[in-house]
Amino acid sequence: MVADGPREIVNLGADVDSMRLAILHELEAAREANQQLDDQAQDLERSNRDLEQFAYVASHDLQEPLRKVASFCQLLQRRYAGKMDERADQYIAFAVDGAERMQQLINDLLAFSRVGRTTSAFGEVALDEVVNAAVAQLEPARSDVDGMIDVGPLPVVSGDASLLRALFVNLIGNGLKFHHDGVPPK
């Protein structure tokens, strides 16, 4: 439709119509972006459900062979403790400890897969105890590099004790692994 009238009115009408078309275009682009976000959110929810299912199946499938390994290591430990040299006893103890830690890691994997959905495992956690457990777990690694782990007083926080322990094992473990050659980590 062609508008008649003074040039200023015609130009103003054209400007208003141009703005209207730009707003309609932006509105359509916003609708498309919102639809894409909705689709991505649904994909992410499906992916999270799949990941949780995988973690559950993997943890279940890994537990049985790990139980056998741990059980046989414990049998070796009970049957041959003190009958072989000290080094053999130490190796068997390392195997038993490794199997127990692997069991805990599998349980932590399952707990981690559920973290986004629930905080029921959250409670008051004394970080002193959590960090001391992490330090004890890393004792062989600390000893190997002649490192020093000095832990000051820590607060009580709200969280999941096993996830916090895994965090500190990773942080302290990285500190033990990545240090200057010839300088014991502290």
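In plain terms, the bigger the Kirkwood radius, the slower the diffusion; for the stretch 26-115, with that radius from Cα pairs, at 20 °C and 1.002 mPa s, Stokes-Einstein puts D at 130 µm²/s.
Working from Cα pairs under 8 Å separated by at least six residues, relative contact order for the chain is 17 percent. Partners of LYS186 within straight-line reach, counting lysines whose Cα lies under 30 Å from its Cα and excluding those fewer than 8 residues away in the same chain: LYS177.
For the stretch 84-186, the set of chymotrypsin sites (Phe, Trp or Tyr not before Pro) satisfying both a DSSP loop assignment and a count of at most 16 other C-beta atoms within 10 Å is given as PHE122, PHE178. Phi angles of the stretch 179-186 translate, via the Karplus equation with coefficients 6.51, -1.76, 1.60 and θ = phi - 60°, into HN-Hα couplings of 9, 5, 4, x, 10, x, x, 10 Hz per residue; Gly and Pro are given as x. Each of the peptides 33-39, 154-160, 132-138 was scored by the mean count of other Cβ atoms within 10 Å over its residues; in descending order, highest first, they stand as 132-138, 154-160, 33-39. The amide H of VAL125, built 1.01 Å from its N in the peptide plane, has VAL157, SER158, GLY159 as neighbours under 5 Å, considering only residues 5 or more places off or on other chains.
The 3J(HN,Hα) values that the Karplus relation (6.51, -1.76, 1.60; θ = phi - 60°) gives for the stretch 131-138 are, in residue order, 5, 4, 5, 5, 5, 4, 5, 8 Hz. Gly and Pro appear as x. Principal-axis analysis of the Cα atoms of the chain puts helix 7-80 at an angle of about 10° to the longest axis.
Compared with the dominant principal axis of the Cα atoms in the chain, helix 86-113 is inclined by about 20°. Using the rule -39500 (n - 2.57) for each DSSP H run of four or more residues, divided by the residues of the chain, the 222 nm mean residue ellipticity is -26000 deg cm²/dmol. Using +1 at the Cβ of each Lys and Arg and -1 at the Cβ of each Asp and Glu in the chain, identify which of ILE92, ALA58, GLY5 lies farthest towards the dipole's positive end. Result: ILE92.
Spatial offset of the stretch 55-95 relative to the stretch 117-168 amounts to 24 Å, using the alpha carbon center of each.
Surface exposure of the chain, expressed per residue as accessible area with a 1.4 Å probe, stands at 75 Å². Summed over all non-identical Cα pairs, the Kirkwood treatment of the chain gives a radius of 22.3 Å. In order along the stretch 165-176, phi translates into HN-Hα couplings of 4, 4, 4, 5, 4, 5, 5, 5, x, 5, x, 6 Hz, rounded to whole numbers, per the Karplus curve 6.51 cos²θ - 1.76 cosθ + 1.60 with θ = phi - 60° and x for Gly and Pro.
The values are calculated or read from the model by the stated rules, or taken from the named source; none is laboratory data. Keep in mind it's a predicted model, so treat the numbers as computed, not measured. A quick note on method: Cβ atoms are made from the backbone with ideal geometry, for glycine too, and the neighbour counts reach across all protein chains shown. Just the protein is used for accessible areas: all its heavy atoms, side chains included, with ligands, DNA and RNA removed. Shrake-Rupley method; radii C 1.70, N 1.55, O 1.52, S 1.80 Å.
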